[in-house]
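Just below is one structure, and these are the notes that go with it.
Throughout, read-outs are computed from the coordinates displayed, never taken from laboratory work. What you see is a predicted model; the values in this text were computed from it and never measured. Positions of Cβ are backbone-derived with ideal geometry, glycine not excepted, and every protein chain shown enters the neighbour counts.
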Amino acid sequence: MDRDEAFLQFLLRMGDNTLILGHCVSEWCGHAPVLEEDIALANTALDMIGQTQMWLGLAGEIDGGKSADDIAFLRDAWDFRNVLLVEVPNGDFGRTLMRQFLFDAWHLIMLGRLMKSSDERVAAIAAKASKEVTYHLERSGDTVVGLGDGTDESHDRMQQALDYLWPYVGEMFSSDDVDAEMVAAGIAPNPADLRDEYDALVGRVLTAATLTIPESRFAHKGGRDGRMHTEHLGHLLTQMQWLQRAYPGATW
Amino acid sequence: MNNEWPLWEIFIRGQHGMSHRHVGSLHAPDAEMAIKNARDVYTRRNEGVSIWVVEANNITASSPSDKGPLYEPSESKVYRHPTFFDIPDEVGAM
């Protein structure tokens, strides 16, 4: 794999994570339990779509002058490079916030490393996104603690959410040829090297939330290399892409 | 049992040097979340540099029925208003 191809894969991984999670979170718009959370979730989703424009915009430049929209709306499921965690359906409000927290914690640590990237464009995107994600993590972390250490019902739901989502955490720290090439170029860190910091951060918050981290380190994989997505991604894309599919080139 | 979150009144300072201004209210479980909710509900478009939140319960308001005794006595006393001075143009807006 040459460096340009690896760089493109890396950018798709970053951009697809925020694109797919941003879309999932946007599904709450108008449905959240209270107005304040509805607005906050929509803001989070918009932040992530904004970050997607930067990552996929850069990916498009490298990939022969495509636009971020081309990449977002005209690829099929097997071309996506997001981790499986972000395509797991929302479930209830608690699971949505648990998924957000587990992703935000990885995201903020990752962006912190990318701010020191040897590629100035990557460092600039990371610096901008990092401010938004600092807030996302503060909010999702506080909500996980509030619900985990809340009523019996909210505690049980958060523990179920954690049990369900934990097997999707490991994929964020897996490495392959793309990562090796990015490490060699000084563009991005080895994902495995983020794990200790992640475990410390997540452990601290989940302990405060009176939740128990499952012991198994089993990890579902296949999203970030596109080998095998879950069945959920295809359904999600039919919603997200239908307009460009039905009316190619439509603009407003 | 009341399952509703308490109501909070939100005050935002728009720019340095200006005072905090009441912008509205929202619900939140505690003061920290009220600040976060205020950030999402009221400062999304760069409206503020500082947020105050006050639980609405803690605000004591004057009663509308006291309007007469509280405010009317000042209506007929124009001499309380500093409107009888000529202000030089150089002073500008007051």
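What's the magnitude of the charge dipole for chain A around its Cα centre, counting Lys and Arg as +1 and Asp and Glu as -1 at the beta-carbon? Answer in Debye, nearest 20. List each step's numbers first, then the result.
Details: 21 positive and 40 negative charges, 49 e Å.
It works out to roughly 240 debye.
Dipole of segment A:69-121, Cα-centred, from +1 at each Lys and Arg C-beta and -1 at each Asp and Glu C-beta, to the nearest 20 debye?
Numbers: 7 positive and 9 negative charges, 63 e Å.
For segment A:69-121, the charge dipole is close to 300 debye.
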Worksheet item: When the Cα centres of segment A:167-189 and segment B:42-79 are compared, how far apart do they sit, in Å?
Response: 56 Å
Worksheet item: About the Cα centre of segment B:7-91, what is the dipole size in debye to 20, counting +1 per Lys and Arg Cβ and -1 per Asp and Glu Cβ, all else neutral?
Response: 240 debye
Worksheet entry | Residue-wise HN-Hα coupling along segment A:243-252, computed from phi with Karplus coefficients 6.51, -1.76, 1.60 (Hz; x: Gly, Pro) | 5, 5, 6, 7, 10, x, x, 4, 9, 8
Item to complete: Ratio to report: Rg/Rh of the protein assembly as shown, with Cα atoms as the point set and Rh obtained by the Kirkwood method; give two decimals.
Response: 1.10
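Other chains near B:40-53: what is the mean number of their Cβ atoms within 10 Å of each residue's Cβ? Intermediate values should be presented prior to the final figure.
Details: counts 11, 6, 1, 0, 5, 0, 0, 0, 0, 0, 0, 0, 0, 0.
Partner-chain Cβ atoms within 10 Å, mean over residues of B:40-53: 2.
Calculate the FRET efficiency for A:Asp156 and A:His235 from the Cβ-Cβ distance with a Förster distance of 22 Å, rounded to the nearest 0.05.
That pair, A:Asp156 with A:His235, gives E of 0.20.
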Fill in: Long-range HN-HN contacts of B:Arg21 with modeled amide H, under 5 Å
B:Ile12, B:Arg13, B:Gly14
Worksheet item: Toward the positive end of the charge dipole of the protein assembly as shown, about the Cα centre and with charges on Cβ (Lys, Arg +1; Asp, Glu -1), which of A:Leu21, A:Met48, A:Thr207 goes farthest?
Response: A:Met48
Discussion item. For Cα pairs less than 8 Å apart in space and 6+ apart in sequence, what is the mean separation divided by the residue count of chain A, i.e. the relative contact order in percent?
Written reply: 25 percent
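Can you show me the helix-derived [θ] at 222 nm for the protein assembly as shown, built from DSSP H runs with n ≥ 4 at -39,500 (n - 2.57) apiece and divided by the number of residues, rounded to the nearest 500. Walk me through the numbers before you get to the answer.
Values: 11 runs with 179 residues, N = 346.
Result for the protein assembly as shown, helices only: -17000 deg cm²/dmol.
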Response to the item:
Karplus-derived 3J(HN,Hα) from phi for segment A:70-84 (6.51 cos²θ - 1.76 cosθ + 1.60, θ = phi - 60°), whole Hz, x at Gly and Pro, runs 4, 5, 6, 9, 10, 9, 9, 3, 5, 8, 7, 10, 6, 5, 4
Item to complete: Give, as ranges by residue number, the residues of segment A:161-195 whose backbone N falls under 11 Å from the point 7 Å along Cα→Cβ of A:Met1.
Response: A:175-183
Fill in: Positive-end residue of A:Thr134, A:Gly146, A:Phe173, charge dipole of segment A:132-204 with Cβ unit charges
A:Gly146
Item to complete: Output ³J(HN,Hα) for segment B:22-29: one whole-Hz value per residue in order, computed from phi by the Karplus curve 6.51 cos²θ - 1.76 cosθ + 1.60 with θ = phi - 60°, and x for Gly and Pro.
Response: 5, 10, x, 9, 7, 9, 6, x
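Starting from the Kirkwood Rh over alpha-carbon pairs, what translational D in µm² s⁻¹ does segment B:7-91 have by Stokes-Einstein at 10 °C and 1.306 mPa s?
Numbers: Rh = 16.1 Å.
Diffusion coefficient, whole number: 99 µm²/s.
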Worksheet, complete the sentence: By the mean-Cβ-within-10 Å protection proxy, highest first, B:50-61, A:140-151 rank as A:140-151, B:50-61
Worksheet entry | segment B:17-58 residues near the modelled B:Ala93 label - backbone nitrogen below 15 Å, point 7 Å along Cα→Cβ | B:18-19
Worksheet item: Sorted by average packing, counted as other Cβ atoms within 10 angstrom per residue and highest first, what order do A:121-129, A:13-21 take?
Response: A:13-21, A:121-129
